[in-house]
Amino acid sequence: MDVRDELHEIINLAMELKKAKDIGEPLKGKSLAMIFEKPSTRTRVSFEVAMTQLGGHALYLSPKDLQLGRGETIADTARVLSRYVDAIMYRAFDHKMMVELANNSSVPVINGLDDKEHPCQIVADLVTIKEYKGEFEGKKLAYVGDGNNVCHSLLLGCAIVGMDIAVASPKGYEPEKEYVDLANSIGKQSGANVMVGNSMEEAASGADVLYTDVWVSMGDEAEAEERMRVFKPYQINSEVLSMAKKDAIVMHCLPAHRGLEITDEVIDGEQSAVWDQAENRLHAQKAILLTLLG
Ligand code: CP
Ligand code: NVA
């Protein structure tokens, strides 16, 4: 199956699971190891609850409790965990460690965020967009802010499903070229238009979805002061919202820093889809888990 069909199947499955009353225990006896090098509210709780509701079990593993904290390699950790569990979810500081874990694991590895990507977030985002907008083709998502992990995965996700994406970041904080090039080449086949620039007006104009994320991601704390200054003009507020379509929705992967990347008025406003978006993490995780382990 190609990646486009696979992604559509996962999105549709998540939407079905959201409506389903009783789906039994399809993952009875299955275990998911979850390694978190960084904090998490949504990813941790939604994966753990998803495993429980599907009849399986999830283990929260912090590196300081694992022997990883005492120097055991990620490759050896992968080899050993693969003998116990059916899948490993990993939230890592370094994408290279994610690849190392995947290369040495004999069970599926799920990226629960690293410094380059946040794919599970984008599955839930696409579920939310489909719920609100009905389809992807002919729609435009404007991402305003840091060209970070969420932005990279949005570029790929939008390109795969054929939705236009326009990114507006401050100079020097654009998404990495590798992701922009990949999104462009996927977009050529799916019909998605991919734009990356510095103008919020250009990105937001005619947008069906306005999306933002924090200015200081986990791991970027040392740059916080500089980032606060540079990103200040890139806030989603009522003025920016008025540049988008009248029925545009506002999205944020959360956690939000109210008053910085997004105002209270917008995140709590009528056009905000963020709480549905957060809920959809649960349904999306279930669809991902069932696709891998069901
Ligand atoms: N959006 C998201 O991944 O949130 P957490 O960091 O709380 O998991
Ligand atoms: N870009 C943010 C996303 C948090 C879910 C971070 O990496 O901290």
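Simple rule: put +1 on each Lys or Arg Cβ and -1 on each Asp or Glu Cβ in the chain, find the dipole, and look at 191, 122, 180; the Cα lying farthest toward the positive end is 122. Convex hull volume of the Cα atoms of region 28-140, normalised per residue: 125 Å³. Could you give the angle, 0 to 90 degrees to the nearest 10, between helix 42-53's Cα long axis and the longest principal axis of the Cα atoms of the chain? On a 0 to 90 degree scale, this one is about 50. Which entries of 139/286; 116/232; 232/286; 21/188; 18/64; 64/130 show an alpha-carbon separation above 29 angstrom in the structure shown? Long pairs (Cα-Cα over 29 Å): 232/286; 21/188; 18/64; 64/130. Remark: the residue 45-residue 265 segment gains 76.5 nm on full extension, using 0.36 nm per residue and subtracting the alpha carbon distance. Above 37 Å, the calculated P(r) of the chain contains 13 percent of its Cα-Cα pairs. Note on region 40-85: with charges restricted to the Cβ of Lys and Arg (+1) and Asp and Glu (-1), its dipole about the Cα centre is near 60 debye. In the chain, the DSSP-assigned H stretches of four residues or longer account for a calculated mean residue ellipticity at 222 nm of -13000 deg cm²/dmol, using -39500 (n - 2.57) per stretch and the full residue count as denominator. Across the options 166, 237, 250, the greatest Cα extent toward the positive end of the charge dipole of the chain (unit charges at beta carbon of Lys, Arg, Asp, Glu) belongs to 250. Segment residue 25..residue 75, full-extension length gain: 14.8 nm, with 0.36 nm per residue of separation and the alpha-carbon distance subtracted.
Between residue 182 and residue 9, the simple label model (points 7 Å from Cα in the Cβ direction) yields a spacing of 2.1 nm. Given +1 at the Cβ of Lys and Arg, -1 at the Cβ of Asp and Glu and no other charges, the dipole of the chain around its Cα centre is 660 debye to the nearest 20.
A short reminder: the numbers here are calculations on the coordinates, not readings from a lab. Keep in mind that what you see is a predicted model, and the values were worked out from it rather than measured. So basically every Cβ, Gly included, is an ideal-geometry build from the backbone, and we count neighbours across all protein chains shown.
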